[in-house]
Amino acid sequence: MSIFVDKKTRLVVQGITGRDGSFHTAQMIKYGTNVVAGVTPGRGGKEVEGVPVFNAVAEAVQKTEANTSVIFVPAKFAPDAIYESADAGIKLIVCISEGIPAIELVKVVAYVEDKDCRLIGPNSPGVVSAGEAKVGILPGHIFKKGSVGVVSRSGTLTYEIVDHITKSGLGQSTCLGIGGDPVIGTKFIECLELFAEDGETEAVVLVGEIGGRDEQDAAVYVKEHFNKPVFGFIVGKTAPPGKRMGHAGAIIAGTAGTAAEKIKAFEENGIRVGETPADVARLLKEKLG
Amino acid sequence: MSIFVDKKTRLVVQGITGRDGSFHTAQMIKYGTNVVAGVTPGRGGKEVEGVPVFNAVAEAVQKTEANTSVIFVPAKFAPDAIYESADAGIKLIVCISEGIPAIELVKVVAYVEDKDCRLIGPNSPGVVSAGEAKVGILPGHIFKKGSVGVVSRSGTLTYEIVDHITKSGLGQSTCLGIGGDPVIGTKFIECLELFAEDGETEAVVLVGEIGGRDEQDAAVYVKEHFNKPVFGFIVGKTAPPGKRMGHAGAIIAGTAGTAAEKIKAFEENGIRVGETPADVARLLKEKLG
Amino acid sequence: MKVHEYQAKEIFKRFGIQTPKEKMCRTVEEVVEASKEIGIPCVIKAQVMVGGRGKAGGIKIAKNDTEVVEYAEAILGMDIKGISVKKVLVSEAVDIGSEAYLGIIVDRTEKKTVVMACKEGGVEIEEIARKKPEAIYKVYADSLLGLLPYKAREIGLFLYDDPKVAFECASIAAKLYTLFINLDSSLAEINPLVWDKSGRLIALDAKINFDDNGLFRHPDVEGMRDRESEDENELNAREKDLSYVRLTGNIGCVVNGAGLAMATMDLVKHFGGEPANFLDIGGSSSPEKVMNALEILLRDRNVKVIFFNIFGGITRCDDVANGILEAKKKLSIKQPIVARLTGTNEDKAMEILKEAGLIFANSMDDGAKKAIELLK
Amino acid sequence: MKVHEYQAKEIFKRFGIQTPKEKMCRTVEEVVEASKEIGIPCVIKAQVMVGGRGKAGGIKIAKNDTEVVEYAEAILGMDIKGISVKKVLVSEAVDIGSEAYLGIIVDRTEKKTVVMACKEGGVEIEEIARKKPEAIYKVYADSLLGLLPYKAREIGLFLYDDPKVAFECASIAAKLYTLFINLDSSLAEINPLVWDKSGRLIALDAKINFDDNGLFRHPDVEGMRDRESEDENELNAREKDLSYVRLTGNIGCVVNGAGLAMATMDLVKHFGGEPANFLDIGGSSSPEKVMNALEILLRDRNVKVIFFNIFGGITRCDDVANGILEAKKKLSIKQPIVARLTGTNEDKAMEILKEAGLIFANSMDDGAKKAIELLK
């Protein structure tokens, strides 16, 4: 088992004819993901990497029974791409695009939540269920099938953590980046709810960063509802307040959202926090052997 | 029994301090309706006809457990009043206000349908469950408790029909005007669905008029799903195409929405159509004795 | 409320929808002047708010200076379905490649705004809707989010195979939708939408109707009302918060409520009479309103009998009675008045009217019959 | 992006929110001139984008001509938290009745826009949020419909007992919300909102921050950017699509990805070093981008060692390697470079860099330690 994506995933790539879209379509296929369709308006009838291209998601769903979409279109067009997928009956939307204005995301998230549909991201590196399917831009070669679930607010840092886990001899069930923006479709707690029910997942790593209070909320949730071991890692200890660290969401506002308060929340709620990425893998290895 | 309103109705009057609002509050109380609250922003703390006035519907609901609202505010403020009631957890909203732009109603109706809430109107004269409760501006004295349900797109014409029914010796279960606008919250079919399950209702009168095709849809529904006798009356036989007859919805567009095609649809689907209001009462009397 | 083609096109331009080069003219001289500016051949189009202008000879292509004068003279002043042509639009002769239909209305059944497209343009959409509804492609706007770009593209890709033209069309659909919403339209239509031989997508004809309930927030649109081409009495009634439509009969009807007013007309007809009008005095009555109603009604010289049918609810019968009394005094009404007043304060009304010389009726049927009887 | 108080107030005025009579000045002469126009007493306020201006002496009430000159001279050129005051706002001295707080942000947890009100104005909202959160009244805008009028009224009626003032406040909340949405703000704040003794509701101070992701559609807002008061290198980095924040240490970090970049800084600190910066070269790399990154990094004279930490995914390690080579050639880099390059095309990168004189690291930990070692 795994969460979000697996062998049953039938993927449609929105923006498949673009530079990133076509490159990662090849990478996802190489990993074994069932990419059934691509969409680029006006390019219907073409093929990319052997995948048929359609003008609209509804058409792709009708012809290929796609159930999951991954979005590679520029930020300006991404909200429309999300609405289109949600309207077409797609059940899971993974939005890689970054730079979407927050007030658009407020609308998008409200709209999607009202449908039977889940949004991951935007500004997500994607989701990988090791050995099952890879949806997004995470590098496939670092994963190994196993029992650790990883949820992260960032991209390359996730790779770093996953790489350490794999090198320690452990493997992963599902790993995902939920995106670094202030408003995102899926947060830590929703991932934990699914990991709780996933038989394959034995432990979870939460990779957080400065800004907001999702880590604090997740910590309370873990203490109250989650029965598997959880490990944490928080970045931004050295980040100065008021300065945005790349992500729109990674900012310490006033005295709120510091790494220190997040680490404290983790530790007070039974989540062991690694000092470094290597340390996280070490803690996991100690626990799971 | 009855539909929409009854002894359990706990009514809040939006716009209670206005001319129409205060007048009809007195009339509704006189009929026996349980008017528990009124709302006029900025007038909280006052009383109208012994009914406490609040600044907001949410406050009224919290303090008085109101479950139904009736709206008497000017058209310009009516959409906001509907949103407010829907957000406050009101289950039935009866909107008397007329003159709301159609594009506002498209939004209002979509919003309300997404909640556990029903909208009757706008431009409705209200709902009366004879001997139970009167919500709106229909004159109370014409009703008599009985077994005929009446649903109408118009106001005073409903009184005329009800009056004939009462004078014929029969009585009514529930009578309502669904409003004459092109976009309304509740249509014939939804009323029929409820009348079908109402033990007290033995026959239904549908009072239609030119414009749209709600009568045609209702006729097909009656034939396919409705097992009680239904009688019809359609006005606008003498109305010229392209001319709006008062209501925003009462207009024959091109060749569509004529009285003739509505009467035909009724008759083809087993609904007997009266030639005059008096005729409708006569047909009912023949059937129900 | 309706506006003329040339006004609709001014609005189109404001929203960025391309229209042919054209100019509205009121005289033959203006037409000649405009034809020089726009170029010959040019099209001269009668500006009247009724369908079937073309068939009636109200649209002509002038291929030279002589024809410009000839057609301008013919069309200006021409009578189309009872309306005298006072304005024409002189328009560039577009080299038509293909014609399509694009229109937006509120769909009553779905309770949503719908964009309709059809590959056949220049024909009446209601005709197509009846004969081959499958030829009309419908896209519903989201009630809260509006017309999403992907849905506008759907329309474009339905009408045109060339993606570039399809996207251009999508952009026009989006602009038409914005216009529809921003101006409280009840119909916004491009028919035909022309893809011309130079590659432009252009609105060759334009039609916009407005939701009367929304006019209060668009004084600029209200300002476009062509008072000349509307029935003066209907206009007058609207200004006095009455709803009046003139018909061809001789029994003047005064009723409270639109449904009851239609029922009254139908009943008059049912018993063999001919209603002179639809007249709804509305909910809350006042003697003054009744006065105004009678004043408007009596401008119609065909009215031989007046039939009051009032079912008092909010409307108070004594108000109506007082209005009748006053009107009789001030307007010197010669026609007999049949009055059926029931409901709120009907007793007071009877008291007020008992010496006014009215014919009373105790029901709608009775009233209609008495009114008809009086004509014999 | 932030703007100054005087700019925020210009925007307020555009959206119909009343502000005091005031004028932005750059010189003492301009202040004297403005004080004549506005009247004495007047308030002179330093225009700097940091909190605590008042405490730092950056806000003064001038009660006569002498004080106007005195305070203008004192404040212009004053240093507030390391920033030199170049502009002041000369403002009408408002006769304060009561002060309140009104602000709008996007609530991350609820994923909605929230309007916050507090009866205590002029104090820092974060302070109140921490000490007595119950004093802050929150109203969430509907995500699709916006801030409904009844919710704006709720805010008004919370802040003011007098219905007239409450409705005026509701109208201000509605305008502030429109501003927030129309301009892609991330914060729009009136603090304090003053009910003055003449009965006006007036925005005495104004603060607007903008969502950088939305700036592309607001060139007018982008045009308000005060380039003087921003770090030149950070500005430069943004223009080159890099994300750079200067810190105080001496180990320059070049990383792909914001999370990994923060992790790298933390790791340097963890092992006893001091990071000189945050620098994210972003996803898709190119040799040129790496060049630009190094150029910006090296403007910081404190940088003694450079630490590359790259985990290649979309980023290709060979691109980074080529960038380093080129930069070494063109920028004559004297500082030692520690390179940890793993992931996509790491072998090619090693091949490219083998004779470049770099210190290679086989992990983040290893790299951080080596960089720190080099400083000894």
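Derivation of every value follows stated rules applied to the coordinates shown; laboratory data play no part. Predicted model only: the values in this text are computed from it and were never measured. Quick reminder, even Gly has a Cβ in these numbers, built from the backbone with ideal geometry, and neighbours come from all protein chains shown.
Kirkwood analysis of the stretch B:1-103, using all unique Cα-Cα pairs, places the hydrodynamic radius at 13.3 Å.
Projected label points at C:E351 and D:T178, each 7 Å from Cα along the beta carbon direction, are separated by 5.2 nanometres. Over the protein assembly as shown, the ratio between the Cα radius of gyration and 2.2 N^0.38 Å evaluates to 1.08.
In chain B, the beta-carbon sitting nearest the axis that superposes B on A belongs to the residue given here with its distance in angstrom, B:D114, 3.
Take the Cβ atoms of B:K228 and C:E70, set R0 to 60 Å, and the FRET efficiency comes out at 0.30. Per-residue Karplus couplings for the stretch C:44-57, computed as 6.51 cos²θ - 1.76 cosθ + 1.60 with θ equal to phi - 60°, are listed in order as 10, 10, 4, 9, 10, 8, 9, x, x, 4, x, 4, 7, x Hz, Gly and Pro entered as x. Helix C:5-14 and the longest principal axis of the Cα set of chain C meet at an angle near 60°. Taking other Cβ atoms within 10 Å as a rough exposure proxy, C:R14, C:R153, B:R282 sort from fewest to most as C:R14, B:R282, C:R153.
For chain C, the Kirkwood hydrodynamic radius from C-alpha pairs, put into Stokes-Einstein at 4 °C and a viscosity of 1.567 mPa s, yields a diffusion coefficient of 55 µm² per second.
Only Lys, Arg, Asp and Glu carry charge here, each on its Cβ (+1 for the first two, -1 for the last two); on that basis the stretch B:11-120 has a dipole of about 240 debye about its Cα centre. Across the options C:N213, C:L144, C:L176, the greatest Cα extent toward the positive end of the charge dipole of chain C (unit charges at beta carbon of Lys, Arg, Asp, Glu) belongs to C:N213. If only the Cβ of Lys and Arg carry +1 and only the Cβ of Asp and Glu carry -1, the dipole of the stretch D:271-376 around its Cα centre is close to 420 debye.
In nanometers and ordered shortest first, the copy-to-copy spacing of the B:E224 label point, defined 7 Å from Cα toward Cβ, is 4.7. Within 10 Å of the Cβ of each residue in B:264-276, the mean number of Cβ atoms contributed by other protein chains is 1.
Calculate the length of the line joining the C-alpha centroid of the stretch A:86-110 to that of the stretch C:240-302, in whole Å. So the two Cα centres are separated by 55 Å. The mean sequence distance of close C-alpha pairs (under 8 Å, at least 6 residues apart), as a share of the length of the stretch A:119-267, puts its relative contact order at 23 percent. Tell me, how many Å apart are the Cα centres for the stretch B:57-81 and for the stretch B:246-276? So the separation of the two Cα centres works out to 34 Å. Most tightly packed first, judged by the mean number of other beta-carbon atoms within 10 Å of their residues, the peptides B:89-99, A:227-237, C:54-64 read B:89-99, A:227-237, C:54-64.
Shielding value for D:214-226 is 1, the average number of Cβ atoms from other chains within 10 Å of each residue's Cβ. Here C:K329 and D:A93 are evaluated by their C-beta separation; at R0 = 60 Å the FRET efficiency comes out at 0.35.
How high is the relative contact order of the stretch D:96-222, given as a whole-number percent (alpha carbon pairs under 8 Å, six or more residues apart)?
It rounds to 27 percent for the stretch D:96-222.
The mean number of partner chain beta-carbon atoms within 10 angstrom of a residue's beta-carbon across peptide C:107-114 is 6. How fast does the stretch D:96-222 diffuse by Stokes-Einstein, in µm²/s, taking the Kirkwood radius from C-alpha pairs at 10 °C and 1.306 mPa s? For these conditions, the coefficient is 107 µm²/s. Taking the DSSP beta bridges with both ends in the protein assembly as shown, the antiparallel portion is around 55 percent.
When chain C is turned onto chain D, its residue with the beta carbon nearest the axis, and that distance in whole angstrom, is C:L144, 2. A cut-off of 5 Å between modelled amide H atoms, ignoring neighbours fewer than 5 places along the same chain, links C:K112 with C:D107.
For D:M78, the residues 5 or more places off, or on other chains, whose built amide H falls under 5 Å of its own are D:V85. Across the options A:C117, A:S85, A:T17, the greatest Cα extent toward the positive end of the charge dipole of the stretch A:11-120 (unit charges at beta carbon of Lys, Arg, Asp, Glu) belongs to A:T17. Sorted from nearest, the other copies put their D:K240 label points 7.9 nm away, the label point being 7 Å from Cα in the direction of Cβ. The alpha carbon convex hull volume per residue for the stretch C:21-92 rounds to 68 Å³.
Each residue, C:E126 and A:D6, gets one label point 7 Å from its Cα in the Cβ direction; the gap between the two is 5.7 nm. Each copy carries A:R282; placing its label point 7 Å along the C-beta direction from Cα gives inter-copy distances of 9.9 nm, listed from smallest up.
Remark: chain B carries a charge dipole of roughly 600 debye about the Cα centre, counting +1 on each Lys and Arg Cβ and -1 on each Asp and Glu Cβ.
Scanning residues 5 or more positions from B:R118 or on other chains, those with amide H under 5 Å from its amide H are B:L92, B:I93, with H placed 1.01 Å from N in the peptide plane. In the protein assembly as shown, the calculated helix contribution to ellipticity at 222 nm averages -11000 deg cm²/dmol per residue, counting -39,500 (n - 2.57) for every DSSP H run with n ≥ 4. Among beta bridges from DSSP that stay inside chain C, the antiparallel ones total about 75%. Shown here is the pair-distance distribution of the stretch B:139-288: with all Cα-Cα distances grouped in 10 Å bins from zero up to the longest one, the shares run 12, 45, 35, 7, 0 percent.
In whole angstrom, the stretch B:69-133 maps to an equivalent ellipsoid with semi-axes of 18, 15, 10, each derived as √(5λ) from the alpha carbon gyration tensor and ordered largest first.
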